[in-house]
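I have placed the structure first, in the form of structure tokens, so that the comments after it can refer back to it.
The values are calculated or read from the model by the stated rules, or taken from the named source; none is laboratory data. As the structure is a computational prediction, the values presented were derived from the model and not from experiment. When we count neighbours, we look across all protein chains shown, and the Cβ atoms used for this are built from the backbone with ideal geometry, even at glycine.
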Amino acid sequence: MPTAIASCRVFPSIVLSVIAILVSQEVAAGETTPVVGSADKMVSADPIVVNQQKYPVPTKYNEVPLFASQVASGQLPPIEERLPAEPFVVGPGVLNSEEWLDWEVGQYGGTIRTPNLNGGVHELALAMGMTILRAPDQSTRDPLPAIVSSYQISADYSQYTLTIRQGLKWSDGVPLTTEDVRMTWELYADERIYPSFPRKVRTLGRGDGIPGKLTIIDDLTFIITFEASYGQFVAELSSWIPDYTLLFRPAHFIKQFHADYTEITDIQPVLDELQINSWEKLVILKDMPHWELYREHSIGVPTLTPWIAETVTSSVIRMVRNPYYWKVDIAGNQLPYVDRVESEVSNHLQAIMLKAASGEYDVMTSYAQVREMPLYRLNAERANIKTVLHGSINNPPILFLNHDFDYQAAGSVWQRLVTDPRFGSAIACAIDKEDVNNTLYFGLYTLDGYTRENYDPQTANTLLDQIGMNKLDPKGFRTDPDGNRFELRITTAAISPDFLALGELLKAYFEQVGLRTTLDVIGSQLFGQRMNANQLMATIHWSDEPIWGPGISEDYWPSSKGHWAPMSEQYFATNGDSGRHPPDYLQKFFNLHVARKVVPPQSPEGEALFADIVDWFSRHYATIWPVGRMTVPTVYNADLGNVIKAGYPFDRALDYGMEQLFFRPSK
Amino acid sequence: MTALIIRRIILIIPLLFIISIISFIIILLPPGSYVETYVENLERTGFLMDESQIKAIYKQYGLDRPAVVQYILWMSNFLLKGEMGRSFIYQKPVTEVIMERLPMSMAVTLISLAVTWLLAVPIGIYSALRQYSIGDYVATIIGFVGLALPNFLLALALTYLVFAKTGHAVTGLFSIEYKDAPWTVDKLFDLLGNIWLPILVIASAGTASLIRILRATLLDEKNKQYVTTARAKGLPEHKLILKYPVRVAINPLISTIGWTLPLIVSGEIIVSQTLGLETLGPVLLSAAMGEDMFLVGSIVMILSSLTVIGTLISDILLAWIDPRIRFDKVSI
């Protein structure tokens, strides 16, 4: 709290808004954990209003050299006319917190080269993620208005009033208006295009929630009203996963492919050329999510991203800066600093490693792993590259125990075991966390996962004896409590090399305490299908734990990366039409999850509820954590500026915020 | 002869039809579909797609329809409009994807083939005529090593050597600035600077096996009576060798032309994959892994058709070059 107040003194321009947030949160925090659906309990504070930036808008802008000749010849308007009336100002602590980045004013020019595996560029998928509100790093706490110039959230988090930045333009120069929001809502509601209204814009993000009601006030201001409190929507507005496309689709562009707006005879030539047989499919193709904005079919699509696709072939991607990009730095330079982004297709991972080590990439935030550090360090000088070690938005692979497995069988042994916390605890105690860390991760990962138990095989044995697994079969393994053969079946897919290695280690640990364990490695698609069919007892997979707290990811969900209660989840999602009626302890998880979505995830109540969820996981052993958080490297050009500091808790800092990177003149 | 060719061509039609069905079934065999792979890849990057978005993609690609309907639509478009469908991965018509890669596939394969023949034929002849000479042993050793060493391993080793020596990663046929540039002298030089490695790798195995085949056949032929007869008639030695036994010994080369034709299109898949060549091979592989069914289906169809056509051409060529075959066939 003191740091928040201190920063208010430093940046008086946002004092009012921050105080508003603090007040609203403090009042709400004084109350007990909200009960599901009774949001009216919290209507005691004023609405949250944020309409300021962290830094004043520069008085003068510096024209981009790349566009100088086009501006001179009149092909492009000058920078003042391209920018919004008040652009979003980037300085220290805006895109990344000051703790992790010593932000500097950069300079124009250069080309960023990124790796590309078979046409997929993780770096660009994130670099294109332009959020509607923006908080530093991977936070969704008290975000600044970004694409909008102000936002107001009603005290019960059910009504969101947003005002688009005046004069903000699509990459083709057409102004962004509420017509684009209206068009988005129209597409969402049109069953010819979207089979169902997206979950994230329904109340509480539930598939059966009533869609948010859109009210357009004028060209720039609109209101989204949910039928009940939906604080998680703050996180959706600040998350790079849905990003701006959640609310803004380029109406003027989409309409030319839409039969309700354009004569089908005018659309037909496009359909013929692209070999597409209906205009609906054409609209779906052109109405694209931001992670496709570097693909060939995105050429010509108006965007709000720092770079736009220029040429894309099956062997190279070239993007060029968006002349109408709406962010500037504190010194009046239009972002991005770097003019171009280039990405050459590689066919396999080894080629990417080799190219990274020979300095052919300026930013490589994906693929690099700790075990390749010697390669990058050895070649650092020759290739002019640097590496930085930091955390990740992913957590290392964990063991999921499926609490719905075999639930329909009468007297299921697995159900008896998995619902007995002593079984989960015994499994957790059998795992030598330090050994996992040293064997697989060079001892660089943390040990503070959601599993509180430490390595203690003796306790594991005692617990297993207590639950009736105290008899041995002829092979020397424990039988189940009924005296029959028992087998813990762990299934995984070769999605990452450490899945298999971890599986082998777990098998060894579990067999040491007498549990017969088998490890099945199957194809990743089969893995997904078997999980969906609730056929797997236990699985190994990673997830996005570091960004669960901010509400950016919620893949702790029972049917997400590793399925730990898929049938109960189905019951929850279908309101009891199908699936398994969850036992009380699982129902408690769903209650916590729903309650959490009522408030913004990083509000005090939201954080308290998230702590309850973590506690739930620790006590019910749906996930078992051999290690805690990852350490991964980013490989980058040594001349690059605004690079994150070592130890940053997440990764992807050089792509999510790529617009602030710049090249220093080579020494 | 003409009747034979016509009969063979008529046989090709049902054959291609069967191939098309089999390749479609093979494409559908692996679990899941392109959309599942796509969603899964996104999830690995951290993106979780909304169910409604996923359903929209299924609809867009027509994957919500039964497999038989998908096949019939694909085939009818192919036959009626000459359209091979759209690639899911590249989001454009399959024909465009193939045309983008085809020229380099052809160039790499044809140049390697030329290098292979230019090296293998003289060395093979030399080896056979000077059997058990030092030169023959050297050629034999090189031949065996070339045969035994997998292409991709040689490619990896050479790539690593070049990287260790120069710090430059040899990958692809062009430097990045020329990848999509129009043809210029600079681009040509850039290509020449990069193409030697794949040519060397691809030609090595081909050369090795051809030397062995040519040597073996020529050894059989050179002691036959018609050679002795020709020599007795006073024909100069070089003319004699080239005109009679070599002409027969070249038959295995001709009969494998049929397999060269699909290779011209696909390029050496594994070497292309290892070296990141801009040929059609890596596109086929990644399309197969990504379950981009119309792209895979179309490439497999093209390759199968070319194999069938290539075999036909081989047969015709053989009949033309080798009178024995010609007369045999006619007498059938």
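For the range A:270-285, state whether one or more residues are under 30 Å from A:Glu81 (Cβ atoms) and either more than 9 Å from chain B (Cβ to nearest Cβ) or out of contact with any Phe, Trp or Tyr (no Cβ under 9 Å at 6 or more places or on another chain) (or both). For the range A:270-285, residues under 30 Å from A:Glu81 (Cβ atoms) and either more than 9 Å from chain B (Cβ to nearest Cβ) or out of contact with any Phe, Trp or Tyr (no Cβ under 9 Å at 6 or more places or on another chain) (or both): absent. Between B:Val227, B:Val283, the distinction of being farther than 26 Å from B:Leu29 by Cα and assigned to a helix (DSSP H, G or I) belongs to B:Val227 only. Quick one: is A:Gly300 of a type outside the set (S, T, N, Q), within 18 Å of A:Asn322 (Cβ to Cβ) and either more than 11 Å from chain B (Cβ to nearest Cβ) or buried (at least 19 other Cβ atoms within 10 Å of the Cβ) (or both)? It is true that A:Gly300 is of a type outside the set (S, T, N, Q), within 18 Å of A:Asn322 (Cβ to Cβ) and either more than 11 Å from chain B (Cβ to nearest Cβ) or buried (at least 19 other Cβ atoms within 10 Å of the Cβ) (or both). Of the residues making up the range A:340-358, those that are more than 7 Å from chain B (Cβ to nearest Cβ) and either surrounded by 22 or more Cβ atoms within 10 Å (Cβ to Cβ) or part of a helix (DSSP H, G or I) (or both) are A:Val341, A:Ser343, A:Val345, A:Leu349, A:Gln350, A:Ile352, A:Met353, A:Ala356, A:Ala357.
The helices (runs of 4 or more DSSP H) found wholly in the range A:376-478 and carrying at least 2 residues that are in contact with a Phe, Trp or Tyr (Cβ under 8 Å, 6 or more places away or on another chain) occupy A:413-418, A:421-430, A:433-441, A:457-466. Got a number for residues in the range A:204-262 being part of a loop (DSSP other than H, G, I, E, B), aliphatic (A, V, I, L, M) and away from chain B (no Cβ under 14 Å)? Residues meeting the conditions: 5. Note on the range B:151-186: among residues that are in contact (Cβ under 8 Å) with a residue 12 or more places away in the chain and more than 13 Å from chain A (Cβ to nearest Cβ), the one that is nearest to the chain's Cα centre (by Cα) is B:Asn151.
For the range A:127-141, indicate whether the set of residues that are surrounded by fewer than 24 Cβ atoms within 10 Å (Cβ to Cβ), outside any loop (DSSP other than H, G, I, E, B) and out of contact with any Pro (no Cβ under 6 Å at 6 or more places or on another chain) is non-empty. No, the range A:127-141 contains no residue that is surrounded by fewer than 24 Cβ atoms within 10 Å (Cβ to Cβ), outside any loop (DSSP other than H, G, I, E, B) and out of contact with any Pro (no Cβ under 6 Å at 6 or more places or on another chain).
The condition (being within 14 Å of chain B (Cβ to nearest Cβ), surrounded by 24 or more Cβ atoms within 10 Å (Cβ to Cβ) and in a loop (DSSP other than H, G, I, E, B)) is satisfied by just one residue among A:Tyr361, A:Tyr337: A:Tyr361.
Of the residues making up the range B:73-106, just one is away from every other protein chain (no Cβ under 13 Å) and at pLDDT 85 or above, namely B:Met106. Screening A:Leu285 with (1) outside any helix (DSSP H, G or I); (2) within 25 Å of the chain's Cα centre (by Cα) gives one miss only, at (1). Test B:Ile309 against the criterion of being under 30 Å from B:Val69 (Cα atoms) and away from every other protein chain (no Cβ under 14 Å), and give yes or no. Yes, satisfied. Within the range B:46-68, which residues are surrounded by fewer than 18 Cβ atoms within 10 Å (Cβ to Cβ), facing chain A (nearest Cβ under 9 Å) and either at pLDDT below 75 or not in a helix (DSSP H, G or I) (or both)? Answer for the range B:46-68, where residues must be surrounded by fewer than 18 Cβ atoms within 10 Å (Cβ to Cβ), facing chain A (nearest Cβ under 9 Å) and either at pLDDT below 75 or not in a helix (DSSP H, G or I) (or both): just B:Gly62. Quick one: is B:Phe144 surrounded by fewer than 20 Cβ atoms within 10 Å (Cβ to Cβ), part of a helix (DSSP H, G or I), touching a residue at least 40 places away in the same chain (Cβ under 8 Å) and aromatic (Phe, Trp, Tyr)? Considered against the rule, which asks whether it is surrounded by fewer than 20 Cβ atoms within 10 Å (Cβ to Cβ), part of a helix (DSSP H, G or I), touching a residue at least 40 places away in the same chain (Cβ under 8 Å) and aromatic (Phe, Trp, Tyr), B:Phe144 comes out as yes.
Can you find a residue that is in contact (Cβ under 8 Å) with a residue 24 or more places away in the chain and either among the aliphatic types (A, V, I, L, M) or crowded, with 16+ Cβ neighbours inside 10 Å (or both) anywhere in the range A:262-270? No, because not a single residue in the range A:262-270 is in contact (Cβ under 8 Å) with a residue 24 or more places away in the chain and either among the aliphatic types (A, V, I, L, M) or crowded, with 16+ Cβ neighbours inside 10 Å (or both). Of all residue pairs spaced 6 or more apart or on separate chains, those with beta-carbon atoms under 9 Å, a first member in the range A:181-196 that is more than 9 Å from chain B (Cβ to nearest Cβ) and assigned to a helix (DSSP H, G or I) and a second member that is of a type in the set (A, V, I, L, M) and surrounded by fewer than 17 Cβ atoms within 10 Å (Cβ to Cβ) are A:Val181/A:Ile216; A:Arg182/A:Ile216.
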